[in-house]
Structures are given as C-alpha cells and as structure tokens.
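Trainee: Below you will find the structure I want to go over with you.
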Amino acid sequence: MKFRQVFCASDYATAQAAMLAARAAGADDEDISLIARADIEMQRLPSERLDTSTDMLPSALRGSCLGAGLGVAGALVALLIPAVEMNVAGAALVVLVGAMVGAWSAALVGSTVPNHVRRKFEREIDAGNILVVVDDQREHEAQVRDAVRRAGATPLPFHDASVLN
C-alpha cells in the first residue's frame, strides 16, 4: 500500500526541484504528480505529470455498496410478500442489479467531481500554487518529506493511504 503526501510549491521551478528531491529520496517517477490551476496546467506543466483524476472509482465503490444494500432491502420485502412469488435466486438477482445500478450511477456522478486532494486544497490552487503529490511506500515517507521540504516546497496537512492509485 502506498502513502500519499502533498506539498505546496509557489512556482514551477520549486515544483521541479521538489520532484527531483522526491525522486532522489526514493520515490518512483510515476508516483509523482502535479496539481495546479487550469491556466497554469495548460501553460507550464508537462501533461504527463498532471493529476487529472476524479472521484469516479471511490464513488463507484460507494454506489455499489449502497445499491446492494437497497437491493437487499427490496429483495427482503419481495420475499415477505406472498403475491410477488419471489424465490432466493430472484432475490440474489435484485441485489446484483441494485449493486450494478448503484455503481454505474455513482460512477457517472463521481466522474464530474474533482479528486479529494484538489477539493481539500482548493484555496492553495486558486492562489496560483502548484501541488506536488507523492504516492510512495510508507518507509520512504520521512526521507521524501525532508528532501522535498529542503527543495523549497511546504508539506500540507494530508494523510491518506492511496490504495486505489
């Protein structure tokens, strides 16, 4: 499992220095990404470094759980009403369809929602800062944080296991 750290750089030169420092401290190149305001992303940042992820996958997981739960409730009600003539296989199908519909609809909504890092640090992004996001192994956390701090970026209060990355 990887651990996510977020750093704030005031300009692209500082963000570049922070990326180099993170790599030197043991972070893999593909585990480093940047988040910035749209105009800065378009003009200055290399496209392979941009974190353009949305909340789609976590939303789909939540939606499938909610849909399955609603499917279980509906199936139980249908099993208790004799006029419906529902059997156990039909109840299982209702639960499966509920999970699928929940995942699909939540994924559609989640695809329009920016990821949680972008939402949490919206103020820093709007101010023109560039966020350097490092997803790395827990054992490199202190070395990466110290190296990136020495490069001029400020660690932001964000602690999250990035299981879905």
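Trainee: For the stretch 61-70, what does the Karplus curve 6.51 cos²θ - 1.76 cosθ + 1.60, with θ = phi - 60°, yield as ³J(HN,Hα) per residue in whole Hz, taken in order and with x for Gly and Pro?
Mentor: Calculated HN-Hα couplings, in order: 5, 5, x, 5, 5, 5, x, 5, x, 5 Hz.
Trainee: Identify the residues of the stretch 131-146 with backbone N under 19 Å of a label point that sits 7 angstrom from the Cα of LEU20 along the Cα-to-Cβ direction, or state none.
Mentor: Backbone N within reach: 131-134, 144-146.
Trainee: Quick query: amide H of CYS8 versus all other amide H atoms, modeled in the peptide plane; which residues come in under 5 Å with a sequence gap of 5 or more or a different chain?
Mentor: The list, which skips near neighbours in sequence, is VAL132, THR154, LEU156.
Trainee: Sum up the charges of everything whose Cβ sits under 13 Å from the Cβ of GLN143, counting Lys and Arg as +1 and Asp and Glu as -1, but leave GLN143 out.
Mentor: Net local charge, GLN143 excluded: +1.
Trainee: Given H placed 1.01 Å from N in the peptide plane, which residues other than close sequence neighbours of GLN137 have an amide H under 5 Å from its amide H?
Mentor: Long-range HN contacts for GLN137: PHE3.
Trainee: A further question follows. Tell me the Kirkwood hydrodynamic radius of the stretch 56-110 in angstroms, computed as one over the mean inverse distance between distinct C-alpha pairs.
Mentor: By the Kirkwood definition, the hydrodynamic radius is 11.1 Å.
Trainee: Excluding ALA153 itself, calculate the net charge of residues whose Cβ lies under 14 Å from the Cβ of ALA153, where each Lys or Arg counts +1 and each Asp or Glu counts -1.
Mentor: +1
Here, each number is a calculation from the coordinates, and none is a lab measurement. Only a predicted model underlies this, so the values are computations on that prediction, with no experimental measurement involved. In this analysis, Cβ positions are derived from the backbone assuming ideal geometry, glycine residues included, and neighbour counts consider all displayed protein chains.
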